[in-house]
Each structure stands twice: as structure tokens, then as C-alpha cells.
Amino acid sequence: MESIKDMLLLLVGSSLVSNVVLSQFLGLCPFLGVSKKIKTAAGMGVAVIFVITLASAVAGLLYRFILVPFDLTYLQTIVFILVIAALVQFVEMFLRKAVPSLYQALGVYLPLITTNCAVLGVAVSNVQKNYGVGTGILNGLGTAIGFTVAIVILAGIRERMEYNDSVPAPFKGMPIVLLTAGLMAIAFWGFSGIL
């Protein structure tokens with residue numbers, strides 16, 4: 001059993017210091033594509049929190065109690081992708097019925113969570129770091145929170161830049177977004193001094 005201090009360090013480390021988008025550069029497609037409006041970015045963040053956290057739990061259980069005992073670890077990537085796809089389908093069905101406006105706003109990016117390398121990256125990382133199921137879930141939660149924080153911050157900056165005339169013409173659109181994401185990565189790198 002890990003101490004509360006170790007769990008908090010893992011949570012802060014996986015969300016801020018080793019931010020999945022800004023440090024590991026995983027999950028860039030939804031990060032850049034859904035970050036135009038804060039509401040949409042927050043909705044995507046909540047969906048990613050749900051999928052990554054549950055995928056970490058289910059993948060950890062399957063790996064530890066099925067793949068390892070039956071010497072099927074070579075199937076881990078296929079199994080993890082199937083778990084993630086099933087969870088994303090569940091999220092998609094829920095949003096379609098419960099929050100149709102968010103479902104429409106997320107559009108093609110919601111099914112793309114299935115192939116979001118950040119989600120698969122967390123499941124594989126948990127296995128590579130030999131995390132237990134509980135530690136893997138905590139790492140997944142921290143990673144998903146970090147993704148949500150990054151995408152919401154970028155969405156807020158993009159909303160403000162949309163009405164700002166001081167952006168030079170060659171930087172309008174995606175160039176200023178990429179420059180902003182780069183500056184955010186530098187700022188998040190500053191969190192490495194915490195741990």
C-alpha cells in the first residue's frame with residue numbers, strides 16, 4: 001500500500017510534470033482540434049477522464065489476471081485497444097442520449113478517442129512501469145486531469161485570440177495555436193522543479 005504522499009506525488013507528476021500532451025506529445029489531434037471553445041474542450045476533457053480512468057482499471061485487471069497468468073502478454077496492445085473502443089462506444093451512446101449538444105460539438109473527435117494515443121499510452125505505460133491496478137488507475141486519472149487542464153487552458157487562450165487583432169497575418173490560425181502550445185509546454189516544464 002502506498003502512502004498518501006506517494007499517491008499525491010504520482011497524481012501531480014502525471015498531471016502536471018509529465019503532462020501527456022505537453023511533455024509526452026500524445027493526444028495532439030483532439031488537443032488541437034477540440035480546443036476552439038472552452039465548453040467543448042471541457043466536455044472532451046470529461047470524456048477523456050472517464051475513458052482513461054476506466055481503461056486503466058480494466059486494462060490493468062485484464063493484464064494482471066488474464067494476460068500474465070495465461071502467458072498472453074503479447075496480446076496486450078490488441079486487448080487494450082478493444083477495451084478502449086468499448087469504453088468510447090459507451091461514452092458516445094451516453095452523450096448522444098444525455099447531452100446531444102455536446103455530442104454534436106465534439107463531432108468526429110469523440111470516436112477518435114478510440115485511437116487517441118494518449119489513452120493507449122497510459123495503459124501501456126502502466127504495464128511498463130509495473131504499476132498495480134490501484135496505482136495504474138491513479139496514474140490514469142492524473143494523466144486525464146492533465147490532458148483536461150491543458151486542453152481547457154488552450155481553449156481559453158484560443159477564444160481570447162479569436163477577437164484579438166494584434167496577431168500578425170502569417171501567424172493567424174494554426175501557426176499561432178502551435179506557437180501557443182509550445183509556450184504552454186515550456187511553462188508546464190517549469191513544474192518539473194516541484195518533484
Looking at (1) closer than 20 Å to Leu141 by Cα; (2) modelled with pLDDT under 95; (3) open to solvent by less than 50 Å² (accessible area, probe 1.4 Å), can you tell me which one Leu102 breaks?
(1)
Exactly one of Gln89, Gln128 is closer than 30 Å to Phe191 by Cα, among the polar types (S, T, N, Q) and surrounded by fewer than 17 Cβ atoms within 10 Å (Cβ to Cβ), and that one is Gln128
Which residues, counting only those in region 25-42, are under 12 Å from the mean Cα position of the chain (by Cα), part of a helix (DSSP H, G or I), surrounded by fewer than 24 Cβ atoms within 10 Å (Cβ to Cβ) and not aliphatic (A, V, I, L, M)?
Cys29
Cβ-Cβ under 6 Å, sequence separation 6+ or interchain: first residue in region 1-18 and touching a residue at least 40 places away in the same chain (Cβ under 8 Å) and of a type outside the set (Asp, Glu), partner assigned to a helix (DSSP H, G or I) and open to solvent by 50 Å² or more (accessible area, probe 1.4 Å). Which pairs?
Ser15/Ile145; Leu16/Phe191; Val17/Phe191; Val17/Ser192
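Okay, residues lined up against (1) surrounded by 14 or more Cβ atoms within 10 Å (Cβ to Cβ); (2) touching a residue at least 12 places away in the same chain (Cβ under 8 Å); (3) under 27 Å from Gly132 (Cβ atoms):
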{"position": "Val58", "(1), (2), (3)": "yes, yes, yes"}
{"position": "Phe80", "(1), (2), (3)": "yes, yes, yes"}
{"position": "Ala98", "(1), (2), (3)": "no, no, no"}
{"position": "Leu106", "(1), (2), (3)": "yes, yes, no"}
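The values are calculated or read from the model by the stated rules, or taken from the named source; none is laboratory data. Treat the numbers as computed from the prediction; the structure is a model and nothing was measured. Cβ: placed from backbone, ideal geometry, glycine included. Neighbour counts: every protein chain shown. Note: accessible area is taken over every heavy atom of the protein model, side chains too, but ligands, DNA and RNA are not part of it. Shrake-Rupley method; radii C 1.70, N 1.55, O 1.52, S 1.80 Å.
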